[in-house]
Amino acid sequence: MAPTDVRLIVLTHGHWDHIGRVAEMKKLTGAPLAMHYSERDRIEKPLKVMPPGATMWGKVFGAFLNAAVVPSVHLEAATVDVEIGDQGMSLQTYGINGKVIHTPGHSPGSLTILLASGDALVGDVAMNLFPLRFGPGLPIFAEDVSLLKGSIEHLLSLGATTIHPAHGAAFSAAVLKKAVARL
Ligand SMILES: [Zn+2]
Ligand SMILES: [Zn+2]
């Protein structure tokens, strides 16, 4: 597959660790950039947004990142070409049997790509990578935990079976189901 085969770039959300190279990706692929409307400032200005900790470890690790990592991060601005609304968007026109779903909570405009196979590319709606987490589960950072809970329940009700987090390996949706029940 060549870079120019890419027909759409979807930003799951606008946190600093997810957007820094998207301007370069746009140049390489020539593909339009899609993002939820509520976060377009984060890439177009761009803004370095660090979400608050949702757990004690999230607060500690977030403070470390804010002090030691975030100041040296360079973000290049890029223009959003396809603005995604709260109702999401089908990916059929891009040749993908799936849809983009608005799953706010980790950030206000977090998006999940849910394929007909049940595979869910969730961005940071879930995490599974040390030192964020020791195993699969909820994100340790969230801008709104109650919205996050509703989004995960929504995602599970739509038939997500395998969760593909941005940080770490894929895992069963059953893990998230248990975790969200404890929230
Ligand atoms: Zn994030
Ligand atoms: Zn992240």
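The values are calculated or read from the model by the stated rules, or taken from the named source; none is laboratory data. Everything numeric here is computed off the predicted structure, so don't read it as measured data. Here the Cβ positions follow ideal geometry from the backbone for every residue, glycine too, while neighbour counts run over all protein chains shown.
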Would you point out which residue out of LEU155, LEU148, LEU132, LEU121 is within 13 Å of ligand 1 (Cβ to nearest atom) and outside any loop (DSSP other than H, G, I, E, B)?
LEU148
Tell me, yes or no, whether the stretch 88-103 has at least one residue that is touching a His at 6+ places or on another chain (Cβ under 7 Å), in a strand (DSSP E or B) and over 21 Å from THR162 (Cβ atoms).
no
So, in the stretch 139-183, of the ones that are crowded, with 17+ Cβ neighbours inside 10 Å and in contact (Cβ under 8 Å) with a residue 60 or more places away in the chain, which residue ends up farthest from HIS106 (Cα to Cα)?
ALA166
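Matching residues to (1) at pLDDT 95 or above; (2) among the β-branched types (Val, Ile, Thr); (3) under 23 Å from GLU24 (Cα atoms); (4) within 13 Å of ligand 2 (Cβ to nearest atom):
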residue: PRO71; (1), (2), (3), (4): yes, no, yes, no
residue: GLU76; (1), (2), (3), (4): yes, no, yes, no
residue: GLN92; (1), (2), (3), (4): yes, no, no, no
residue: ILE96; (1), (2), (3), (4): yes, yes, no, no
residue: ILE101; (1), (2), (3), (4): yes, yes, no, no
residue: SER110; (1), (2), (3), (4): yes, no, yes, yes
residue: GLY118; (1), (2), (3), (4): yes, no, no, no
residue: ASP124; (1), (2), (3), (4): yes, no, yes, yes
Name the residues in the stretch 6-39 that are part of a loop (DSSP other than H, G, I, E, B), of a type in the set (Val, Ile, Thr) and away from ligand 1 (no atom under 16 Å from the Cβ), would you?
VAL6
